[in-house]
Amino acid sequence: MSGDKPTELPSEAELAEMSRDDLVKLGTKLDGVELVHYEEKWPVPGTRAERRAQRQVAIWFLISALSGLAFLGVFLFWPWQYESPSNAEGHLLHLLYNPLIGLFLGLSVLGLGIGALLYTKKFLPDELAVQQRHDGRSAEVDRATLVAELADAGQRSGIGRRNLIKRTAGLGAGVMGLGIAVVPLGALVKNPHSDSETKNSLWHTSWKPEKPGEKVYLRRHTGDFHEVSLVRPEDVEPGGFETVFPFRESERNDEHALVAALKRADAPVMLIRMRPNQAIVKRAGQEDFNYGDLYAYSKICTHLGCPTSLFEQQTGLLLCPCHQSQFDVFEYAKPRFGPATRPLPQLPITVDEEGYLVARSDFIEAVGPAFWERKS
């Protein structure tokens with residue numbers, strides 16, 4: 001096919017009358033393309049060899065689809081929660097969770113890639129073309145012929161008449177895409193009404209007693225996840241603060257529970273001891289949440305959930321280092337600066353008969369950033 005450009009361009013009416021083959025020939029001339037070599041992989045369609053090659057490609061797309069479904073099944077239904085080695089079967093299932101997710105997701109991507117490569121190798125025509133480079137915005141005739149050339153390329157690839165490959169490729173790509181979408185969404189979407197009376201709901205935290213009358217102590221983290229160090233009022237100096245976590249006696253010999261209590265996102269609490277004679281403005285309905293000069297506020301910023309870990313005792317400001325929100329603990333941890341708009345929730349505390357600080361109840365409002373059905 002010659003690369004010489006036509007001297008006269010067809011009108012819009014003539015373009016509308018031209019067939020796709022005519023538009024393809026016109027487009028190659030306009031683009032300065034010379035087709036040096038063109039050879040169909042299967043000049044006689046429907047042969048046994050072609051059907052065998054088609055099945056080879058479809059098998060890889062099917063492997064991709066089945067692996068994607070297996071990935072979704074493991075991600076959604078596999079028992080992922082930690083089990084101690086004393087429960088041999090449960091511990092093994094827990095250990096297999098991450099490897100199986102990686103295996104099936106990898107096979108899904110691999111199968112789709114190999115299928116696409118095999119299709120390119122076995123079915124796309126061998127073509128060698130030379131094109132002269134030119135600049136400038138394409139005219140209407142160029143855009144019309146480009147569409148025709150793309151459609152012709154699809155027709156010459158044979159994908160339109162190979163339903164088995166189309167269906168398995170679509171299935172593999174669709175399942176893999178669904179899996180990719182489920183990964184981020186599965187960890188973020190949660191129904192606030194689901195399991196709403198336990199510490200695992202959005203309405204409650206790990207400070208909620210698991211049974212009536214259960215004590216939830218304030219525990220410091222010493223660096224040893226298995227050490228239980230409970231807090232007394234005299235442990236915190238005036239103007240000082242300490243990060244504390246919940247502890248139950250039922251967790252004392254439970255290795256997993258002791259570690260999990262320190263890692264839960266809703267667990268950290270700032271225990272602050274005000275200096276003597278410091279004027280404090282308390283929040284309405286929470287006047288008795290403190291114990292003397294000791295006040296306990298959630299450490300989770302109400303903007304985006306970062307830790308409010310910096311305390312300035314002279315001004316009484318808690319600072320979130322992520323986006324510089326500041327909370328005034330002299331006035332019920334009310335936001336003074338930055339993007340946060342809600343005060344830090346206050347944990348009601350007291351002292352038990354042995355002199356240890358304990359939580360009187362869970363927070364009376366959800367901690368951290370807002371979600372769609374928060375009332376405050």
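Structure data summary
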read-out	value
Per-residue HN-Hα couplings for the stretch 335-347 [Karplus 6.51, -1.76, 1.60; θ = phi - 60°; Hz; x = Gly/Pro]	x, 10, 7, x, x, 5, 10, 10, x, 5, x, 9, 8
Sulfur and carbon atoms: percent of accessible area, the stretch 277-339 [1.4 Å]	52 percent
W80 accessible area, 1.4 Å probe, all protein chains in place, Å² to nearest 10	140 Å²
Rounded to whole Hz, the Karplus (6.51, -1.76, 1.60) HN-Hα couplings of the stretch 279-290, x for glycine and proline	6, 10, 9, 9, 6, 4, x, 10, 5, 10, 6, 8
Inter-site label distance for A284 and S19 at 7 Å from Cα along Cβ, in nm	8.3 nm
5 angstrom amide H check on V216, placed H, neighbours 5+ away	A359
Flagged links, alpha-carbon separation over 18 Å, of K41/K122; K25/K121; K282/K334	K25/K121
Amide H contacts under 5 Å for R336, placed H, 5+ residues apart	Q326, F327, D328
11 Å beta-carbon shell around L62, net charge (K/R +1, D/E -1)	+2
Phi to ³J(HN,Hα) by Karplus 6.51 cos²θ - 1.76 cosθ + 1.60 over the stretch 74-82, Hz, x for Gly, Pro	5, 4, 8, 10, 5, x, 8, 5, 5
Dipole of the stretch 48-132, positive end: most advanced residue of L95, L112, Y82 [Cβ charges, Cα centre]	L112
Separation between Cα centres of the stretch 54-91 and the stretch 298-321, rounded to whole Å	42 Å
Shape call, the stretch 216-359: gyration tensor on alpha carbons, a/c limit 1.5	oblate
Rounded if a/c under 1.5, otherwise prolate or oblate - the stretch 8-136, Cα gyration tensor axes	prolate
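The values are calculated or read from the model by the stated rules, or taken from the named source; none is laboratory data. Quantities reported herein were computed from a predicted structural model and do not represent experimental measurements. Cβ sites come from the backbone with ideal geometry, for glycine too, and all protein chains shown count toward neighbours. Remember, those area values only see protein heavy atoms, side chains included, never the ligands or the DNA or RNA. Shrake-Rupley method; radii C 1.70, N 1.55, O 1.52, S 1.80 Å.
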